[in-house]
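Enquirer: This is the structure I have questions about; it appears just below.
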Amino acid sequence: MVDIFRKIAFGYSTRCNIKCGHCLAADDGPKNEKMDLIRAKAIVSEMVFARVKGISFTAGEPLLFLNDIIELLGVCKKNGIYSRVVTNGFWAKTPQRADEIVSELKAAGLSQLRISFSRWHQKHVDRENIVSAAQSSQKLGLDYFISFITDFSKQDEPHEQYLRENRLRFFPEPVIYFGRAGDFNRPRVFTDYNANRCDMNPYLSPQLDMFTCCDAGARFDKTGFLYLGNLNDYSVESLFQKYETNRLYHAVKTVGLSPMASSLGIPASEIVTYRKCELCEKLFNSKENLAGLQQSADSTPSPWTR
Ligand code: SF4
Ligand code: SF4
């Protein structure tokens, strides 16, 4: 049996204490939903049996529920699951407070702290919090990285410079123009013609709906392309199997969106004007396009291989 590395973004709650202007989760279903802790622990245990090897606690702000997350991290640690918490860093108000929380998370078994940083986040959370959270992680030996969300405009350069000056470990990540960012003006993209492959990281919502994508989730509402099913109806194992055996998902991961768009007749000059997730939406949130791509996925040889 091929050992597949199963991982999932675990949306314990959609509640957040701030309101970022670019928030992707803003329109995704009911606000302030939260899993029952006992059910969440049972799901993590079920994930152990389903050979899930990595869990990223995300959605709203997970550390609003610090004690619950500590318990869930304990289940991960006990079962050798790599764990990550994605946070806006609101709790790192002083270096001392940052040390306390980071110590607790580390003792609970957290593998990596992922701290979000952007010009939108930092309207609500002092950027010194980010430095304190990162420095506490460095000092206490907890792996961390800063997710620097940017639209690649000049106005983000001072923010990037701030991270560099503080010698923090960060990676730029593009704003995704869904949710509140859906109405943003988009700078034009100038890219090469690339495959536009996507890892399609699965996401579990507090309502126990599982999706193939943690960034768009319920957003492809015309086709439900990204939806796998609800854990009240299906097991974790069966939904992972569905995810792993679907030919179109496989093609998104391996062939990429651009060859698929080209096979639908979209000109290359137009394909290069799309950002990845927008191209994904164009292809898969249209019943007509989805039907065409499904037919291609089922045919042999595949029209996407060279
Ligand atoms: S911290 Fe994250 S979940 Fe909260 S508003 Fe900002 S982007 Fe959304
Ligand atoms: S390309 Fe599609 S599947 Fe991948 S993150 Fe974007 S919307 Fe989700």
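Enquirer: Indicate, rounded to the nearest 5 percent, the antiparallel portion of the DSSP beta bridges found entirely in the chain.
Expert: Antiparallel bridges: around 20 percent, rounded to the nearest 5.
Enquirer: What's the extension gain from R15 to R197 if we count 0.36 nm per residue and subtract their Cα-Cα distance?
Expert: 62.5 nm
Enquirer: While we're looking at this one, here's another question. Jot down the radius of gyration and Dmax of the chain, Cα atoms only, both in angstrom.
Expert: When restricted to Cα atoms, the chain yields Rg and Dmax of 19.9, 61 Å.
Enquirer: Which order do the peptides 200-213, 163-176 come out in when sorted by mean C-beta neighbours inside 10 angstrom, highest first?
Expert: Highest mean packing first, the order is 200-213, 163-176.
Enquirer: Size of the dipole of the stretch 82-129 about the Cα centre, Lys and Arg at +1 and Asp and Glu at -1 on the beta carbon, nothing else charged, in debye to 20?
Expert: Charge dipole of the stretch 82-129: 240 debye, to the nearest 20.
Enquirer: Taking only DSSP H segments of four or more residues, each worth -39500 (n - 2.57), what value at 222 nm results for the chain once the sum is divided by all its residues, to the nearest 500 deg cm²/dmol?
Expert: Per the formula, -11000 deg cm²/dmol.
Enquirer: Got the relative contact order for the stretch 27-114 handy, in percent, Cα pairs under 8 Å and 6 or more residues apart?
Expert: 30
Enquirer: What does the convex hull of the alpha-carbon atoms of the stretch 110-214 project to on average, in nm²?
Expert: 9.0
Enquirer: Treating only the Cβ atoms of Lys and Arg (+1) and Asp and Glu (-1) as charged, compute the dipole magnitude of the stretch 247-297 about its Cα centre; round to the nearest 20 debye.
Expert: 180
Enquirer: Continuing with the same structure: Please go through the residue pairs K34/K93; K34/K276; K19/K276; K106/K242; K242/K287; K154/K276 and name each one whose alpha carbons sit more than 27 Å apart in this structure.
Expert: K34/K276; K106/K242
Enquirer: Next question, about the same structure. Put a dot 7 Å past each Cα toward the Cβ at R275 and E244; how far apart are the dots in nm?
Expert: So the two model labels end up 3.2 nm from each other.
Enquirer: Next question, about the same structure. Subtract the Cα-Cα distance of K154 and K139 from 0.36 nm times their separation in residues, and report this length gain in nm to one decimal.
Expert: 2.2 nm
Enquirer: Give me the extension gain from E104 to S263: residue separation times 0.36 nm, minus the current Cα-Cα distance, reported in nm with one decimal.
Expert: Using 0.36 nm per residue and subtracting the Cα-Cα distance, I get 52.1 nm.
Enquirer: Relative contact order for the stretch 247-297: what is it in percent, counting Cα pairs under 8 Å that are at least 6 residues apart?
Expert: Once normalised by length, the contact order is 46 percent.
Enquirer: In what sequence, highest mean first, do 73-83, 149-159, 125-135 appear when ranked by Cβ atoms within 10 angstrom?
Expert: Going by the mean number of other Cβ atoms within 10 Å, highest first, we get 125-135, 73-83, 149-159.
Enquirer: Based on Cβ point charges of +1 for Lys and Arg and -1 for Asp and Glu, what charge dipole magnitude is obtained for the chain about its Cα centre, in debye rounded to the nearest 20?
Expert: 360
Since every read-out is calculated from the coordinates, none of them should be taken as a lab result. Please read these numbers as outputs of a predicted model, since none were measured by experiment. Note: ideal-geometry Cβ built from the backbone for every residue, glycine included; neighbour counts use all protein chains shown.
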